[in-house]
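See structure below.
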Amino acid sequence: MKKPVKRIFVYPHDIQMLSGKGERYARSSYQKIKKHFNLEPHQLVTITQLAQYFGLSEEKMHELLK
């Protein structure tokens, strides 16, 4: 039996779902995270980076994003 694949990347929609706020807030937060971690335009935000930015555990993020 195959193990389910854990997600690596997050998108603005995920931030919107987690925060309960609107699309504009989610896109703004996504850009702030990219700037905080000095990511280039083609690079994506990881769950680890999102958890660090918001001060949550990575395990909790994986649980919430199932």
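Carbon and sulfur: what percent of the chain's accessible surface (1.4 Å probe)?
Carbon and sulfur atoms account for 54 percent of the accessible area of the chain.
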Cross-link reach list, aspartates and glutamates versus Lys6, counting only Cα pairs under 13 Å and skipping chain neighbours closer than eight places: Glu58, Glu59, Glu63
Rounded to the nearest 0.05, what FRET efficiency do Lys2 and Leu44 have when you use their Cβ-Cβ distance and R0 = 22 Å? 0.35
Determine the relative contact order of the chain: mean sequence separation of Cα pairs under 8 Å and six or more apart, normalised by residue count, in whole percent. 34
Which aspartates and glutamates, on any chain, are close to Lys60 with Cα under 15 Å apart, when same-chain ones fewer than 8 places away are left out? Asp14
Extended-chain gain in nm, criterion 0.36 nm per residue less alpha-carbon gap, Lys34 and His62: 8.1 nm
How much mean residue ellipticity at 222 nm does the chain get from its helices, if each DSSP H run of length 4 or more adds -39500 (n - 2.57) and you divide by all residues, to the nearest 500 deg cm²/dmol? -16000 deg cm²/dmol
Per residue value of the accessible surface for the chain (all protein chains in place, 1.4 Å probe), Å²: 79
What residues qualify as long-range amide H neighbours of Val45, i.e. H under 5 Å apart, gap of 5 or more or another chain, H built at 1.01 Å from N? Val10
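The values are calculated or read from the model by the stated rules, or taken from the named source; none is laboratory data. Because the structure is predicted, anything quoted here is derived from the model rather than measured. Heads up, the Cβs are rebuilt from the backbone with ideal geometry, glycines too, and the neighbour counts pull from every protein chain shown. SASA here: full protein model, heavy atoms, side chains in, ligands and nucleic acids out. Shrake-Rupley method; radii C 1.70, N 1.55, O 1.52, S 1.80 Å.
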